[in-house]
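Inspection log for the structure reproduced underneath, given as structure tokens.
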Protein chains: 2
Amino acid sequence: MIIFIRVKEEITKVAKADLQSLHRIFTVPEAPNSTLGRIEREISHNLAGFLNEHLVARAISLSDIERDFCDPEIPENPTFVSEHTSFLLEKLVAQSVHTAAPSFIGHMTSALPYFMLPLSKILIALNQNLVKIETSKAFTPLERQVLGMMHGLIYRRDNAFYEKYMHSESDSLGAFCSGGTVANITALWVARNNLFKRDKDFPGISRVGMFKAMQHYGYQGLAILVSRRGHYSLSKAADILGLGRDELIAVEVDENHKVKADEMRRQAQQLEKQNIKVLAIVGVAGTTETGNVDPLDELADLAKELGCHFHVDAAWGGATLFSETHKSLLNGIERADSVTIDAHKQMYVPMGAGMVLFKTPEMATEIEHHAEYVLRKGSKDLGSHTLEGSRPGMAMLVYSALKILGRQGYQLLIDRSLQQARYFAGLIDNASQFELISRPELCILTYRFVPTEVQNILKHADTELTTEINQYLDDLTRFIQKRQREAGKSFVSRTRINVKKYQGQIVTVFRVVLANPLTTQEILNDVLCEQAKLAKQSEISLPQLKRIVADYTAV
Amino acid sequence: MIIFIRVKEEITKVAKADLQSLHRIFTVPEAPNSTLGRIEREISHNLAGFLNEHLVARAISLSDIERDFCDPEIPENPTFVSEHTSFLLEKLVAQSVHTAAPSFIGHMTSALPYFMLPLSKILIALNQNLVKIETSKAFTPLERQVLGMMHGLIYRRDNAFYEKYMHSESDSLGAFCSGGTVANITALWVARNNLFKRDKDFPGISRVGMFKAMQHYGYQGLAILVSRRGHYSLSKAADILGLGRDELIAVEVDENHKVKADEMRRQAQQLEKQNIKVLAIVGVAGTTETGNVDPLDELADLAKELGCHFHVDAAWGGATLFSETHKSLLNGIERADSVTIDAHKQMYVPMGAGMVLFKTPEMATEIEHHAEYVLRKGSKDLGSHTLEGSRPGMAMLVYSALKILGRQGYQLLIDRSLQQARYFAGLIDNASQFELISRPELCILTYRFVPTEVQNILKHADTELTTEINQYLDDLTRFIQKRQREAGKSFVSRTRINVKKYQGQIVTVFRVVLANPLTTQEILNDVLCEQAKLAKQSEISLPQLKRIVADYTAV
């Protein structure tokens, strides 16, 4: 017993010492000359320099990287912050993707305005939780204002409308969330619950679920229609919400990658004949692969005709509304019942800022929920109308960008992006060895490398030969894209899309997104030059294509 | 026409100038002596000082705050960063909640370790997108490692297991997400899709949805059982996933707020008799209101007996596993099919870091999805097994905390929190005017202010009198809690729970969460003193209670 007490005293003593050092971790800031302190200063003074210096461009295979991140054991003992920071610099930061690099034009993540960094720091320091006012206070009215501003950008209601609804506890102009996927799911959840809402004969799908709702209404299925270019999150939404992925109907697109509204109508009618209710039609405002905008006005007409929910997925293209020059591309969006916009895309906010906006503020009532300790009825807690629970105050960054850049600032950014895309398309048009596959409507385009002689043959080739050539070209595109990525100087992405002029054959293409304001015309020239050079290194597909050319010419 | 050209030239000239200033926004950092630069430095050097100085404790009504955030117009013109920053400081930061304050013990958000701030800055500067390797690279293996570590914390599988599964593209040890709500929804989505998975007679619920699944299996309903103390996100999950909120069955708890496993069994059997299939039972490891842990081992037995999914919502309590002293409180968690843990709670990571872990790495296959441009089959893109799409690399902060604090560091934090809670419970026990309502099992407890004489009467009061007294006490508790919050010196939250010794009557209580390592015993003493003082200011409930005491004594 005495021994036991002694040991316990020892442990207590040790624990006390450690508690002190723990206390320090929460109270004593990193010293300015500590490793982490230095990095922080470096980032503040010269972010581009930091990224260029620390992000190694060299290609390291994923399995090599995995070796540094394979220990499943949680370390028993603490590590010095400086030691850990050095490890992060060497193994994590060095092997990260330079998403801000002006020559990385393959994804939707761009450089950030400088003020985002210090503002983010304030955000993290405040560590608010937007689920309820108790842990967010002024952040809640701020988020409601941002939702009001974005609602206004789309729906342009008058001041009386926003005065009535912006800060109303029982209504909701929209919901902030981590990204477009949650926004799309939320929109379709709202649509589903409004379709099967409570009435005198039915307690509402929210309470009794899909099975009883379908039985009550006597439907055989519940479908969503969208362009075959629709984002994969819609199929996830169909799964999660209990419709099933088969009930997300992919509708054909025209040669400009816009959904065929007539074809959608035809399919909707066919569904209704089979007693499958159309829950919603979705218009895409900025397809992920080609950046095209569906004919939103026509779709709005169709939704009205069908009496269904009209959702617009403008995760990418929504910000086009800031531009007086180009906003007409999205005509009809103001007729959507709900709209998804991602601020971490063309609004230049760091990752994690999605939004869904609702045309009618009462719509979200059907997904309302309460609890005893938060989200009490009558409270203005934002959490009562969101899919997520606890979440950070990202709205502050959107708010700040709207204020600091202003509509005109965003207009300049959007206009410049579209101009760059048109410039690059022109460059490809004029380069004899490249083929533009989709012309940019917003700032996304697709193309591929096709030797001039092969292009000439393709003009007259029959389906069989076209298929053969396209297979080798697919290999070549993949080869070039991978090599370019590995070389680390620049990055374009790739996807597979069906191309009208090749009888709808699906081909592999380079995809570029020209949203980084630091991307220059020189960089775009260099990207093409590099690709042309890389193509020559292909040891399989290029020789095969040459053989085809030789055979064809010989005939 | 000439005029048109001239105007266009003018616009182009203006646009060029503005493009230059826009370019600066992306390339020139905030000057160290700018307002934002100064704030950043202030936060780096003395976060507590910054928060104490700028967060105004005064109570301002929400409607007053709303007045500053009511303009629905997106400003047309840019604003100077410094001007905007001053506005933020005065109107937003000043009116935010000081979540890190050691005397704010009413919510689950605590002070953060200092290193989180500079690390967050690196995170934002890198702006990775974890949906796919193309935009995250080393962050993907890192996140997989963190999931492996957390999986190991719960399931303690051997190294061979983690070697096989941690970086496997077709399996998933878990999923990172924005928070516990998405984690719970993901877990139950996985459970639902595994229950109704594809076999030779059925294409799987993922493809054909709830209605066809229920028809195929001939069930009349699909239910989830959980303690009546379960988190409200579970009811949201039941709604979203198409079960319906009524199918989330709230099971009675015992006097320690732990679910009665026998009662759950009885209800499950009754459901199955009605041909309602039990999809899952959920055990709570740390109820939001009282911090109690359900009898997980018994629930695991029950799940086995019922042949259903066993999910544990350990969003709050999961971190207890770091403590050798207290981890046995969660015995049985290692038998759960899935577990939710929030790193932004007791792991001291900033808001936005939730996780769900899967016992069997194959389980997530049923929610797998692919697309042409990302998440290609065979890729290691994390996005193929998550509810969310694009999302930030918060895993880096969890990883860093695990490394820097080590298991022992977390153990100290957890042990200290539980010790503080026991200390506070003792304080309440010894204070004659307070009544402890729920004794802390983890670091959460509930109590209320009850004048000594009223306590004496309650000991012998019949139901009617008890009800009357409790109503006045409820008013008094609400009164004190609101006044204390408004005074701004300290903060406890409140909730309503049923109390065994009052025949299960639901009463309003103060709720405290003692997870902030900076909360001292002095602060806890002060909180009680302040509450006792505030009680005396009550002009309605306290006089009424005195009247009851007088009447009772007179009899």
When B:M150, B:M347 are arranged by how many other beta-carbons sit within 10 Å of their Cβ, fewest first, they go B:M347, B:M150
Give me the one-decimal Kirkwood hydrodynamic radius in Å for region A:370-412, with the sum taken over alpha-carbon pairs. 12.7
Taking a 28 Å limit on the Cα-Cα distance, which of the listed pairs A:K260/B:K132; A:K345/A:K489; A:K273/B:K277; A:K91/A:K121 fall beyond it? A:K260/B:K132; A:K273/B:K277
Could you order the peptides B:548-555, B:293-300, B:198-205 from most to least packed, using the average number of other C-beta atoms within 10 Å per residue? B:293-300, B:198-205, B:548-555
Placing the label point 7 Å from Cα along the Cα-to-Cβ direction, what are the distances from A:R156 to the equivalent spots in the other copies, shortest first, in nm to one decimal? 6.5
State the percent of C-alpha pairs, over all pairs in region A:128-391, separated by a distance greater than 34 angstrom. 15
Provide the FRET efficiency to the nearest 0.05 for the A:E468-B:Q20 pair, computing r from the beta carbons and using R0 = 45 Å. 0.35
From the alpha carbon gyration tensor of the protein assembly as shown, can you work out the equivalent ellipsoid semi-axes (sqrt of 5 times each eigenvalue) and give them in Å, largest to smallest? 49, 33, 30
Using θ = phi - 60° and Karplus 6.51 cos²θ - 1.76 cosθ + 1.60, couplings along region A:329-334 (whole Hz; Gly, Pro as x): 4, 9, 3, x, 4, 5
Please compute the Cα-Cα pair-distance distribution of region B:160-239 with 10 Å bins starting at 0, giving whole percents from short to long. 15, 36, 33, 15, 0
What whole-number distance in Å separates the alpha-carbon centres of region A:47-118 and region A:375-438? 24
Taking the alpha-carbon centroid of each part, what is the distance from region A:167-216 to region B:125-150 in angstrom? 33
Sort B:E305, A:E247, B:E252 by Cβ crowding within 10 Å, fewest neighbours at the top. B:E305, B:E252, A:E247
Simple label model, 7 Å out from Cα along Cβ direction - A:R228 to A:S432, nm: 3.4
Cut-off 15 Å between beta-carbons: net charge of the residues surrounding B:C443, Lys and Arg +1, Asp and Glu -1: +2
For a label point 7 angstrom out from the Cα of B:H369 toward its Cβ, which stretches of region B:202-240 have the backbone nitrogen within less than 19 Å? B:203-213, B:237-240
With each pseudo-label sitting 7 Å past Cα toward Cβ, what's the B:K377-B:E90 distance in nm, one decimal? 6.2
Expressed as a rounded percentage, what relative contact order does chain A have, with Cα pairs under 8 Å and six or more residues apart? 17
Which whole number gives the average count of other chain Cβ atoms within 10 Å of the Cβ atoms across peptide A:445-455? 0
State the extension gain, in nm to one decimal, for the chain segment bounded by A:R58 and A:F80, taking 0.36 nm per residue of separation less the distance between their alpha-carbons. 5.1 nm
I'd like the mean, over residues of A:382-388, of how many other protein chain beta carbons sit within 10 Å of each residue's own Cβ. 4
Distance in nm between B:E252 and B:D301 label points, each 7 Å along Cα→Cβ, equals 2.0
Where the Cα atoms of region A:218-322 are projected onto their three principal axes, how long is each span, largest first, in whole Å? 44, 27, 24
Run the dipole for chain A about the Cα centre, Lys and Arg Cβ at +1, Asp and Glu Cβ at -1, nothing else charged, and hand back the magnitude in debye, nearest 20. 600
Can you tell me the alpha carbon radius of gyration of region A:465-555 divided by the globular rule-of-thumb value 2.2 N^0.38 Å? 1.21
Using θ = phi - 60° and the Karplus relation 6.51 cos²θ - 1.76 cosθ + 1.60, list the HN-Hα couplings for region A:62-72 in order, rounded to whole Hz, with x at every Gly or Pro. 4, 5, 5, 5, 4, 4, 7, 10, 10, 7, x
If each label sits 7 angstrom from Cα along the C-beta direction, how far apart, in nm, is B:T467 from its counterparts in the other copies? 8.0
Rounded to two decimals, what ratio of Rg to Rh does chain B give with C-alpha atoms and a Kirkwood Rh? 1.02
Which peptide among A:39-51, A:159-171 comes first, and what is the full order, when sorted by highest mean count of other Cβ atoms within 10 Å? A:39-51, A:159-171
Taking the alpha-carbon centroid of each part, what is the distance from region A:506-555 to region A:316-357 in angstrom? 32
Given a Förster radius of 56 Å and the C-beta distance between A:E324 and B:Q455 as r, what FRET efficiency does 1/(1 + (r/R0)^6) yield to the nearest 0.05? 0.20
For B:G426, place a label point 7 Å from Cα along the Cα-to-Cβ direction in every copy; what are the distances to the other copies, in nm, shortest first? 7.9
Please check which bits of region B:409-440 a label hung off B:K500 would reach, taking the label as a point 7 Å along Cα-to-C-beta and the cut-off as backbone N under 17 Å. B:436-440
Other protein chain Cβ atoms within 10 Å, averaged over every residue that makes up A:516-525: 1
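Coordinate-derived values only; no laboratory data. From a predicted model like this one, the values you see are computed outputs, not experimental measurements. Here the Cβ is made from the backbone with ideal geometry for all residues, glycine too, and neighbour counts use every protein chain on show.
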